[in-house]
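Asker: This structure is in structure tokens; I'll ask about it shortly.
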Amino acid sequence: MTDDLEDQVRATLRQKAAEVRVPSGDAGLDAIHRKLASAPAAPARRTRGPWLVAAAAAVVVAIVGGSLVARNDDDRDRTVVAGGGDPVAGGEAAVVDAVWPSDDPEILRGISAAWARDPSPLPAVRLYLQDRLDTTPSDEHLVVDGDTVTVTEETDVVVHLGRLDGEIWFVERATSGLLDVDVDFDGERVTGGVVPGSSGTLEISYEADDGGAGGTVPAQAEVVVPIDYSMPASDSVVTRVKLLADVGTVALDERRLAAPDGAPVPDAPIVDAVGVWPKGIDEISASDLTDPVGTAARYIEETVGASNGIVLSDFRQGDSNSGEVEVTGDLVATIAVRQVGGSWHVEAVHTPLVEARGDIPGELWLHANQEGVLSVTVLDRWGTVVRSMPSRRMGEGEEVVVVEAEPVHKPFSVRYRFEPSVGNPPGIGDVAVAGTVSQQNTGVEPEAHDVPAEALYAGGGLDPIGTAQGYIEDRLGFWPDDMQLSPEHASETIQTVDWSGGSVTMVRHDGYWYVIESFGPVVKIESVDLPRVQLEVGEPGSVHVQALDAEGNVCAETFVDVDGGGPLSVDLGHIPCDPASIVAVLNETIAERQPS
Amino acid sequence: MMAATVVEEDGFVALYRERYDPMVRLAYLMVGDRAVAEELVQDAFVAVHRNWARATQPSAYLRTAVVNSCNSWGRRQTLERLRRPAPPDPDVLVADELWDVLETLPSRQRAAIVLRFYEDLPDDQIAALLGCRVPTVRTAIFRGLAKLRKEIER
């Protein structure tokens with residue numbers, strides 16, 4: 001079967017490739033020469049589609065294209081020098097495409113320390129790692145391959161180097177397989193993310209012409225973290241993203257990024273802390289927001305989609321610059337709108353089905369006024385989804401904390417939809433919360449009471465699926481949305497939930513569900529005889545085994561790369577705690593059990 | 001020394017004639033759009049041209065630039081799709097099932113599968129091109145094939 005599929009894939013790819021009709025002759029070569037001739041000035045592009053290609057080109061040329069590269073932004077009075085030190089394009093200042101120790105060729109040439117001209121890159125790399133990560137790996141943990149040096153222990157970094165004048169070392173960039181740093185599609189931000197299984201803390205800093213800044217944000221696998229700075233105002237920015245992974249690994253990505261020309265700029269007001277719509281990515285013209293009811297209608301159209309069956313009331317004036325529009329019919333909501341500078345925007349949206357409470361700055365609770373299903377999305381001011389909570393069933397009177405006060409950095413908003421079980425049509429809400437955002441705390445908060453001894457995870461919940469989702473998010477860093485109750489293992493006191501990554505079994509204690517066992521289809525804990533753990537694995541990948549204490553802290557762990565399935569014996573070595581559970585993670589599946 | 005002055009134009013043109021079409025096809029398999037594929041490949045050639053003096057293996061350099069630019073483009077497309085989910089076209093799904101499913105794979109899985117089954121590259125070379133470890137390549141291919149199998153057996 002596998003061979004058949006591989007043959008099908010091979011045949012499909014070859015067929016598709018053969019169908020590509022590349023224009024004959026030198027049309028492509030002419031296009032390349034036109035691009036070369038038109039550089040450094042990149043053509044201004046105002047539409048999003050073509051700009052994507054321009055952005056890709058700018059990043060590729062700046063990041064991938066070797067250590068000394070002319071970027072597509074040379075009309076910004078910045079010229080990158082080639083290996084011999086001569087400018088490759090006109091401009092006022094000549095710089096090296098370096099992130100360390102300097103981008104000034106004269107400063108580099110003035111370095112007299114031995115490491116700068118050492119035949120080996122290792123002394124320079126050791127200094128760089130000491131400077132950036134406060135670590136000095138020994139030579140045996142540094143692998144040199146041409147212009148790159150890979151750190152092989154504790155730190156996940158590949159350092160890419162260049163040599164000015166063919167002799168002076170500098171660091172062009174640092175990359176990590178755990179991190180994914182990129183220019184966002186709107187061209188005004190850099191985004192950072194971590195690969196699955198590598199949740200932790202991102203330390204972000206950057207050095208821009210308008211001053212350096214940064215921050216520390218929690219990192220979740222596959223959640224894009226916006227790294228805001230004024231790209232258009234800076235011709236080139238050194239961006240440094242350091243991941244302090246929960247598992248103890250440190251990863252670093254550092255690179256110089258240039259803002260492409262022609263990033264689209266919305267002419268409608270972008271709502272910040274004072275409202276919820278339009279946001280940065282909404283391509284709304286100010287001419288669409290000249291009246292309050294039209295603005296409310298456009299909001300419905302943009303956020304809900306079809307407006308058939310939805311009735312908007314006349315505008316109900318509040319103060320001189322604000323008021324409300326009532327939504328009835330197939331949707332229940334009140335849209336509060338405000339006028340600023342001649343344009344209207346949506347300040348907030350409320351539904352009587354759900355009460356939003358944010359008594360503490362940065363915190364938001366949603367309280368269900370009747371039984372139903374709640375879906376929540378947390379958006380930053382640009383409209384990037386920084387958190388989503390798909391389809392949670394809530395009982396009447398039940399509350400859920402969507403975000404909990406935790407100082408991070410930017411205003412955000414919470415957009416939700418509530419589908420009542422009976423009676424009313426769905427209600428929508430959109431609430432701005434200024435100042436902080438949490439991407440972590442989303443589970444139902446149980447009242448304080450005893451956690452059963454057999455629980456693997458102290459977070460109990462009223463709903464078994466929600467409890468299992470919270471458990472997986474805590475352990476794996478993402479929110480699984482394909483969980484369903486297993487009909488074969490269901491009772492008043494025990495419930496199993498199946499999902500694409502395995503099964504989670506829970507017991508009910510004082511009305512709350514607690515996880516007591518988890519196993520995945522490709523990783524299973526057969527036995528535990530500490531410090532040895534016997535596993536059965538079913539696919540290639542990197543198996544991550546941890547010993548957790550009763551509070552969920554990691555007290556010992558190891559990684560083992562496996563090329564195939566079968567039994568696997570893992571030695572956790574010294575375990576400086578009395579472990580409450582053993583966790584094995586392979587790719588995106590998890591097995592966990594208490595030591596016997 | 002200016003990169004442009006040391007470019008051996010004949011060598012660059014020879015590289016173009018030998019590799020332009022194959023690279024457009026490779027990029028097409030990774031991005032699924034011929035116009036975008038050509039644009040990305042042309043940009044990769046621009047990068048090679050500028051670094052001709054330093055590129056000891058221009059052909060390998062070119063392929064790395066193409067793969068990276070396709071991955072970068074793919075990540076952006078993923079972000080856009082997350083924000084603006086497009087409904088699937090049922091007619092297209094029926095017409096070319098495997099290709100359609102391939103287009104839904106995450107960019108790294110898709111790149112790994114294309115490099116393995118179209119370019120016939122060994123795992124270590126794929127890992128070097130994608131900037132990841134060999135087990136990660138194997139995992140990406142395994143999971144990509146698993147998704148393809150699951151979808152076409154539906």
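Asker: Total accessible area buried between chains A and B, 1.4 Å probe, in Å² to the nearest 100?
Answerer: Buried area between the two chains comes out at roughly 5900 Å².
Asker: With each pseudo-label sitting 7 Å past Cα toward Cβ, what's the residue A:15-residue B:33 distance in nm, one decimal?
Answerer: Modelled inter-label distance: 2.5 nm.
Asker: I've got another one for you. Please work out whether segment A:504-596 counts as rounded, prolate or oblate from its C-alpha gyration tensor, where a ≥ b ≥ c are the square roots of the eigenvalues and a/c under 1.5 means rounded, while otherwise a/b larger than b/c means prolate and anything else oblate?
Answerer: Taking the square roots of the gyration eigenvalues as a ≥ b ≥ c, segment A:504-596 is oblate.
Asker: Which lysines does residue A:16 reach when only Cα atoms under 26 Å apart count, and residues fewer than 8 places away in its own chain are ignored?
Answerer: B:147, B:150
Asker: Work through the residues other than residue B:122 whose Cβ is under 13 Å from its Cβ and net out their charges, Lys, Arg +1 and Asp, Glu -1.
Answerer: -2
Asker: Applying 1/(1 + (r/R0)^6) with R0 = 30 Å to the Cβ-Cβ distance of residue A:393 and residue A:313, what FRET efficiency is obtained, to the nearest 0.05?
Answerer: 0.45
Asker: May I ask for the net charge around residue A:571, where only other residues with Cβ less than 12 Å from the Cβ of residue A:571 are counted and Lys, Arg are +1 while Asp, Glu are -1?
Answerer: -1
Asker: Just order B:14-23, B:33-42 by mean Cβ neighbour count inside 10 Å, highest at the front, would you?
Answerer: Packing order, densest peptide first, comes out as B:33-42, B:14-23.
Asker: Okay, moving on. Please compute the length gained on full extension between residue A:596 and residue A:201, using 0.36 nm multiplied by the number of residues separating them and subtracting their Cα-Cα distance.
Answerer: That works out to 138.9 nm of additional length.
Asker: For a quick check of your reading of the filter: which GluC sites (Glu not before Pro) in segment A:520-583 sit in a DSSP loop and have no more than 11 other Cβ atoms within 10 Å?
Answerer: A:551
Asker: Please list, in chain and number order, the residues 5+ apart from residue A:172 or on another chain whose amide H is under 5 Å from its amide H, with Hs placed from the backbone.
Answerer: Counting only residues 5 or more places away or on other chains, the set is A:99, A:160, A:161, A:162.
Asker: So, R0 is 22 Å and r is the distance between the beta-carbons of residue B:97 and residue A:482; what FRET efficiency does that work out to, to 0.05?
Answerer: E(calc), rounded to 0.05, equals 0.50.
Asker: Ok, one more. Just to check I understand the Karplus step: with θ = phi - 60° and J = 6.51 cos²θ - 1.76 cosθ + 1.60, what whole-Hz values come out for segment A:556-569, glycine and proline as x?
Answerer: Per-residue couplings from phi come out as 7, 6, 7, 10, 9, 7, 10, 9, x, x, x, x, 9, 9 Hz.
Asker: Still on this structure: Classify segment A:459-551 as rounded, prolate or oblate from the Cα gyration tensor: take a ≥ b ≥ c as the square roots of its eigenvalues, call it rounded if a/c is under 1.5, otherwise prolate when a/b beats b/c and oblate if not.
Answerer: Prolate, since a/c reaches 1.5 and a/b exceeds b/c.
Asker: Now for a different question. Between residue B:147 and residue B:17, what FRET efficiency follows from the Cβ-Cβ distance if R0 is 35 Å, with the result rounded to 0.05?
Answerer: Approximately 0.40, to the nearest 0.05.
Asker: Would you pull out the residues with amide H under 5 Å of residue A:343's amide H, same chain only if 5 or more places away, H placed 1.01 Å from N?
Answerer: HN-HN under 5 Å from residue A:343: empty list.
Asker: Another question, then. Quickly work out the residue A:130-to-residue A:577 label distance, labels modelled 7 Å from Cα along the C-beta direction, and quote it in nm with one decimal.
Answerer: For residue A:577 paired with residue A:130, the spin-label model returns 3.4 nm.
The values are calculated or read from the model by the stated rules, or taken from the named source; none is laboratory data. All values reported here derive from a predicted model rather than from experimental measurement. Please note: Cβ atoms are built from the backbone with ideal geometry, for glycine as well, and neighbour counts cover all protein chains shown. Protein only, heavy atoms only, side chains kept; ligands, DNA and RNA dropped before computing areas. Shrake-Rupley method; radii C 1.70, N 1.55, O 1.52, S 1.80 Å.
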